[in-house]
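Asker: Handing you a structure now.
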Amino acid sequence: MNKSAQIGAARLVPTQKRSRERFEVILETAEQILLEKGADAFRMSDIVARAGVPHGSLYQYFPDKTAVIATLAGRLNDKGRDCMTDELAGINAPQDLGAALQRITDGFYAMYRDIPAMRVIWQATQADPALQKLDAEDCAFLGALLADRLAQITTAPRADL
């Protein structure tokens with residue numbers, strides 16, 4: 001399961017190979033439909049029709065479209081968290097901060113540029129109250145990562161003193 005908060009996300013993440021493959025087909029199909037139709041016109045019945053999965057299989061994993069979008073958003077949040085964690089690990093002194101923040105910003109921009117569904121998913125998170133909470137929790141998590149790293153580098157003993 002994602003490291004991100006699971007607000008309204010998948011109710012079941014399969015462990016068996018065939019079930020995992022079906023789960024991934026559902027999410028890939030949902031992403032394509034989101035790109036084509038946007039979040040407002042996105043329907044669970046579209047996934048069933050296009051992915052060729054039974055309604056029962058879809059609803060076994062996702063109770064509603066918010067859960068599908070939350071799962072996709074959670075995966076993207078995890079990528080962003082990994083990017084930020086990697087960059088923050090390279091900050092060893094306050095003077096490293098500016099360059100690291102620029103790389104983090106560039107990394108998030110690259111995600112929006114290179115993952116077409118990211119923009120649609122982000123827009124959906126802004127329109128749905130449950131998904132807004134997911135986004136707010138991710139922002140708080142990212143802020144805490146930065147605050148923790150800043151605390152580490154500003155309170156660590158300095159060899160140059």
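Asker: Search region 73-105 for residues being surrounded by fewer than 18 Cβ atoms within 10 Å (Cβ to Cβ) and of a type in the set (Asp, Glu), and hand back the single one that is nearest to ALA124 (Cα to Cα).
Answerer: ASP78
Asker: Could you tell me which numbered condition PHE108 fails, if it satisfies all but one of (1) in contact with a Ser or Thr (Cβ under 7 Å, 6 or more places away or on another chain); (2) open to solvent by 10 Å² or more (accessible area, probe 1.4 Å); (3) not charged (D, E, K, R)?
Answerer: (1)
Asker: For region 17-50, how many residues meet the condition of being touching a residue at least 60 places away in the same chain (Cβ under 8 Å), of a type in the set (D, E, K, R) and part of a loop (DSSP other than H, G, I, E, B)?
Answerer: Residues meeting the conditions: 1.
Asker: Which one of these is open to solvent by 60 Å² or more (accessible area, probe 1.4 Å), in contact (Cβ under 8 Å) with a residue 24 or more places away in the chain and among the acidic types (Asp, Glu): ASP64, ASP128, ASP148?
Answerer: On the way: ASP128 fails: open to solvent by 60 Å² or more (accessible area, probe 1.4 Å); ASP148 fails: in contact (Cβ under 8 Å) with a residue 24 or more places away in the chain.
Exactly one of ASP64, ASP128, ASP148 is open to solvent by 60 Å² or more (accessible area, probe 1.4 Å), in contact (Cβ under 8 Å) with a residue 24 or more places away in the chain and among the acidic types (Asp, Glu), namely ASP64.
Asker: Out of GLN102, GLN60, GLN132, GLN126, I need the residue that is part of a helix (DSSP H, G or I) and over 27 Å from ALA30 (Cα atoms). Which one?
Answerer: Details: GLN60 fails: over 27 Å from ALA30 (Cα atoms); GLN132 fails: over 27 Å from ALA30 (Cα atoms); GLN126 fails: over 27 Å from ALA30 (Cα atoms).
Every option except GLN102 fails the conditions.
Asker: From the residues in region 30-63 that are in contact with a Phe, Trp or Tyr (Cβ under 8 Å, 6 or more places away or on another chain) and more than 15 Å from LEU131 (Cβ to Cβ), which one is modelled with the lowest pLDDT? Give the steps one after another, and end with the answer.
Answerer: So the first thing to find is which residues in region 30-63 are in contact with a Phe, Trp or Tyr (Cβ under 8 Å, 6 or more places away or on another chain), and the list is 30, 33-34, 44, 61.
So of that shortlist, the ones also more than 15 Å from LEU131 (Cβ to Cβ) come out as 33, 44, 61.
Working: ILE33: 97, MET44: 96, TYR61: 92.
Selected residue: TYR61.
Asker: Moving on. Pick out the one residue from SER45, SER57 that is farther than 17 Å from ALA124 by Cα, surrounded by 12 or more Cβ atoms within 10 Å (Cβ to Cβ) and over 20 Å from the mean Cα position of the chain (by Cα). Walk me through it before giving the result.
Answerer: Working: SER45 fails: surrounded by 12 or more Cβ atoms within 10 Å (Cβ to Cβ).
None of the other options fit; the residue is SER57.
The values are calculated or read from the model by the stated rules, or taken from the named source; none is laboratory data. Note that the coordinates shown come from a computational prediction; the quantities given were computed from them, not determined experimentally. Every residue, glycine as well, gets a Cβ built from its backbone with ideal geometry; the counts of neighbours run over all protein chains shown. In case anyone asks, the SASA skips ligands and DNA or RNA and just uses the protein heavy atoms, side chains included. Shrake-Rupley method; radii C 1.70, N 1.55, O 1.52, S 1.80 Å.
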